Structures are given as structure tokens and as C-alpha cells.
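Have a look at the structure below before the remarks.
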Amino acid sequence: MELKAVLSAIDGYRDEMVQTLVEFCRIPALDPGSGGEGELKKTEWLQRKLLLYGFGVERCDAKDERVPSGIRPNLIVRRGEGKQRLWILSHVDVVPPGNLKEWPHDPFDPVVKDGKIYGRGVEDNGQACVASLFALKALKDCMIEPPRPVAVAWVADEETGSYYGAQHIIREGMVKKGDWLVCPDWGTAKGAEIEVAEKNILWLKFTIHGKQEHGSRPDKGINAHRAGADLIGRLDKALHRRFGGKDPIFVPPFSTFEPTKKESNVPNVNTIPSEDVFFFDCRILPRYRNNDVLATVRQQINAIKKAHKVKVDLGIVQNESSPPTSVKSPLVAALGKALRTVRKVEPKVVGIGGGTVAAYFRRAGADSVVWATGDETAHSTKEHVKIDNLVADAKVFAAMMLAD
């Protein structure tokens, strides 16, 4: 009966939720590295809304001298006391709009049309910000206390690394080992997929040093480009052979090792380059350790150094890994039950190759899942959300808050 009352209340909020999302996304919240002033104005608007609805609000701000205010704000609303708190965490910041000529309207003046809301930040992550707010409001208006402690957070800095957002509230001890986290920052059109694992991320920079010479006299030079090409081939073969296992919850179901960025070496055709610089993007199944991958990489570097008489510098651009959340976790079961009850879909447990803030929480000892409903238009000039999904996601969050 409690869930039925809460779901009915959320249906009654539909127009108010649309207006809230439109007003919320009219306020840019860009990282200073993208020429923005951070999230303070947008977060203060949200804080006023929360206070208007009668919620007590905590602030856990991070210092950042790059923004005019000197802070990157993080908001938290808690309900209930006890262990194993359920967190629903979304982010306030957005990416820049990009080429304004490609937008049919001002990206920061959202448009409501044909059952959808169009604008920068409406999907990433405005829908979740507003849906989690109204899930809280429904419980409060129905005078229902959640059976477990709940915390809803709206954080800064997700788009540029989360140092001032999710990582900050973890460093401040807000999150405890054993807590649950739902991160609504990725999802699919039917809202059936629950992300429980992410591939390890390892980005590598290789710099090959040879000896420059005229293109007609390779006997006098050491071609760094040839050595680099040989290294790419050896890495491709060795890494896929050594770390070639499969896990069907991922798409693709295997580790990937991709040569990507290539820096310019010489400007003319008839010069043998003395330097060759390229990068690898490695997405590694959680069963493997990044240090073991690095050991294999260094073995191949040593072989190249010997074969080509070159020097090779290895740079680690990014090195991230986190343990998966068990598919048998009670959190996964609770979200699955909510999806069956509210969305009438059969949940599917998946892993992804990208990185989310859930990885930080998993490393902190909190079971974490990533879930939302969306058309995957984030970061595009066609970014939008379906109003039906906005309302339905609020219902799922409310059902999670009522899970015992």
C-alpha cells in the first residue's frame, strides 16, 4: 500500500517534474577547464528547491581556486539512521554544448516537444537529478519513512574526473563500507540493464627514440617509426594472447587493446624520424590485474629495444580498476525487483567498458550499480529525455528507497 501511494504521488508530480528539469537545465554548470564557473549557481538553485520542499540539506564542498566562488558544491539529503545506507547519486555538471550551429535551439533553454525535453544536460544528468528529488518528495508527502537509511546526493565534477565530487565525499568519510549505491548515469531505452562491473582502464603512452637521417640512408639512422610499428604489432599479439579470456556480461565480452592517438613525427616524406609517439587504450576484464598487463607490455618493450637499438619511454596516462559488484548482491536483487514491479521489465545484469563514479564507490567497499532509462543522447546536439522515463525513473528510485 505504501508503494502504491508513493507511485500515485509521483504521477501527480508529472508537470512539476518537467518544469523543474527545464528550469534546472537553464543554468550552465561547466568545469573551469571548459571555460565555466563550476556548479555553484545550479546547485544553489537546487538547494533552494530542496529547502522549499522541507528537506534538511548538507553541503560537502570541495575547494577549487579555479572557479570564482572557490568551491565545487556537493549536496546531500539523508533520511533515516543506521547501517548499509542506500545512496542515489547524480551529478550537476554538464559538458559544453559544442557547435551551437548544430543545435536547433539554445542548448541552455530546454524545449518541451512531443513528449520529450531537449537541451544540454537534460539526460546527462538532469533526469536523474530531478527524478531522485521527486522520489524523495513522494515519500515525504506520503509521510512514509524508508525502512533503511537513504542518502540522495547531487555532486560536482563528474564530467572531468569526479575529484571535487564523488571522490571528495568518499574522502570526507560520507560513504561507509557496506553501503549501497545506485548511480543513474548510464542506461538503455527499456531500462532493463543493470551495470555491475566495469572493465579496468589502462591508457598508455609510448615514446620511441631512434636516430634521424635522410630517407635515402636508413643504414645511417634508426627509424623510430618502424620500431613503433613493430611494437604495436607485438603488443597486439601478446596482449590478446595473454589476456584473452571472455566474460559474457560485457560487450564486447573480451579485453580490448587498441592503438589510438598518434602524434606527428617529421613534416616531410624524405626524413627518417628519430621519434615516434603513440597511445594505447586498454579496457581489461576485471579478472585480470593491470600490473600484469604492464609486465607484458614491458616485456615487449625490451624485445623492441633489443631488435631495433632504440630507447623506449612508457608513460601511464590513466590506470583505473575496481572490483565488480556481485550479481548475487542484495542491491542487485532489490533493483531487479523494483524494475519488475514498476517498469514491468526483466532485468539484465551487464558490464561496460567505460568508466563511471560507481568504480570509486566499489573501491570504497560499497556495492554499486549503474542504472537509468534513456536514449543514450548524452553529449550530442540532440540530447533529450522522454518525459515518461523521467517519471518512471522517479518511481524506481522510490521503490528502491522502500526496499527492506
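For segment 261-272, a residue qualifies if it is exposed (fewer than 10 other Cβ atoms within 10 Å of the Cβ) and either free of Cβ contacts under 8 Å to residues at least 24 places away in the same chain or not in a loop (DSSP other than H, G, I, E, B) (or both), and the qualifying residues are S264, P267, N268. Among residues of segment 334-353 being of a type in the set (G, A, S) and more than 17 Å from A394 (Cβ to Cβ), the one that is farthest from the chain's Cα centre (by Cα) is G336. When the helices (runs of 4 or more DSSP H) confined to segment 327-404 are screened for residues that are under 22 Å from V95 (Cα atoms) and touching a residue at least 24 places away in the same chain (Cβ under 8 Å), those reaching at least 3 such residues are found at 358-363, 387-401.
Residue count for segment 349-366, restricted to those that are in contact with a Leu (Cβ under 6 Å, 6 or more places away or on another chain) and surrounded by fewer than 24 Cβ atoms within 10 Å (Cβ to Cβ): 1. Looking across segment 199-228, just one residue is part of a strand (DSSP E or B) and among the hydroxyl-bearing types (S, T, Y), and that is T207. Would you confirm, using the coordinates I've provided, whether R59 is surrounded by 20 or more Cβ atoms within 10 Å (Cβ to Cβ) and assigned by TED's automatic domain parsing to the domain that holds A392? No.
A search for C-beta distances below 8 Å between a residue of segment 1-28 that is free of Cβ contacts under 8 Å to residues at least 24 places away in the same chain and charged (D, E, K, R) and any residue that is part of a helix (DSSP H, G or I) and surrounded by fewer than 18 Cβ atoms within 10 Å (Cβ to Cβ), counting only pairs 6+ apart in sequence or on different chains, returns E23/W45. The sole residue among A166, A192 that is in the same structural domain as S34 (by TED's automatic domain parsing) and under 20 Å from the mean Cα position of the chain (by Cα) is A166.
The values are calculated or read from the model by the stated rules, or taken from the named source; none is laboratory data. Please read all numbers here as calculations on a predicted model, not as lab measurements. Cβ coordinates were reconstructed from backbone atoms using ideal geometry, including for glycine residues, and neighbour counts include every protein chain displayed.
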